[in-house]
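Step one of this worksheet: look at the structure below.
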């Protein structure tokens with residue numbers, strides 16, 4: 001084999017590898033965009049229900065804060081080949097997971113993360129979600145789970161410096177007398 005033939009073969013292999021990498025990158029971008037669109041749709045629905053929702057950053061271990069409650073948001077369209085709706089659960093750091101099974105209409109499962117925790121995914125094996133009788137059926141449209149989680153969250157309290165024993169607020173009589181000030 002001549003040098004120019006080897007170069008042509010190597011160049012062809014590099015071009016093929018580059019095409020595959022570009023196709024993979026395109027699929028990842030489309031998947032990310034689709035998931036962001038679904039997440040935004042679910043957040044709008046939550047705001048319509050009256051919840052105050054704050055989105056987190058891209059790399060956060062959960063998707064939103066709702067009244068101090070950490071919420072993971074997932075959505076899935078019907079997967080004909082696998083015959084299910086399915087979403088991966090990775091971090092288990094949220095308090096509640098909202099799973100949207102989409103078949104032309106949104107079907108929301110509001111599940112406490114404590115129930116999901118040992119699993120790595122949520123799967124619903126029924127195209128007709130309204131007739132679903134599986135393990136997640138009790139959480140279909142169970143918005144009271146989210147309400148209980150939001151109202152049950154302990155709100156952070158701010159400890160003031162003078163709340164610490166032995167400390168006084170600036171300008172108090174005791175504080176000024178210790179510094180030699182006029183009382």
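The values are calculated or read from the model by the stated rules, or taken from the named source; none is laboratory data. As the structure is a computational prediction, the values presented were derived from the model and not from experiment. Cβ atoms come from the backbone with ideal geometry, glycine included; neighbour counts cover every protein chain shown.
Structure summary
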read-out	value
Total residues in region 37-61, condition exposed (fewer than 13 other Cβ atoms within 10 Å of the Cβ) and not in a strand (DSSP E or B)	12
Hey, residue 87 closer than 14 Å to residue 38 by Cβ and touching a strand residue (DSSP E or B) at 6+ places or on another chain (Cβ under 9 Å) or not	yes
In region 135-144, residue surrounded by the fewest Cβ atoms within 10 Å (Cβ to Cβ) [restricted to those that are in contact (Cβ under 8 Å) with a residue 24 or more places away in the chain and in a loop (DSSP other than H, G, I, E, B)]	141
In region 89-99, the residues that are in a loop (DSSP other than H, G, I, E, B) and under 17 Å from residue 43 (Cβ atoms)	94, 95
Top-ranked residue of region 62-88 - restricted to ones that are within 10 Å of the chain's Cα centre (by Cα) and free of Cβ contacts under 8 Å to residues at least 40 places away in the same chain, ranked as surrounded by the most Cβ atoms within 10 Å (Cβ to Cβ)	73
Residue in region 64-81 that is under 24 Å from residue 150 (Cα atoms), at pLDDT below 90 and in a loop (DSSP other than H, G, I, E, B) present	yes
Output for region 89-116, where each listed residue is touching a residue at least 60 places away in the same chain (Cβ under 8 Å) and farther than 22 Å from residue 58 by Cα	102, 106, 108
Any chance residue 41 is farther than 20 Å from residue 91 by Cα, under 14 Å from the mean Cα position of the chain (by Cα) and touching a residue at least 24 places away in the same chain (Cβ under 8 Å)	yes
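Matching residues to (1) in contact with a strand residue (DSSP E or B) (Cβ under 9 Å, 6 or more places away or on another chain); (2) at pLDDT below 75:
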{"site": "21", "(1), (2)": "no, no"}
{"site": "32", "(1), (2)": "no, yes"}
{"site": "38", "(1), (2)": "yes, no"}
{"site": "48", "(1), (2)": "no, no"}
{"site": "56", "(1), (2)": "yes, no"}
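Conditions (1) more than 20 Å from residue 69 (Cα to Cα); (2) assigned to a loop (DSSP other than H, G, I, E, B), marked per residue:
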| position | (1), (2) |
| --- | --- |
| 87 | yes, no |
| 101 | yes, no |
| 111 | no, no |
| 122 | yes, no |
| 133 | yes, yes |
| 146 | no, no |
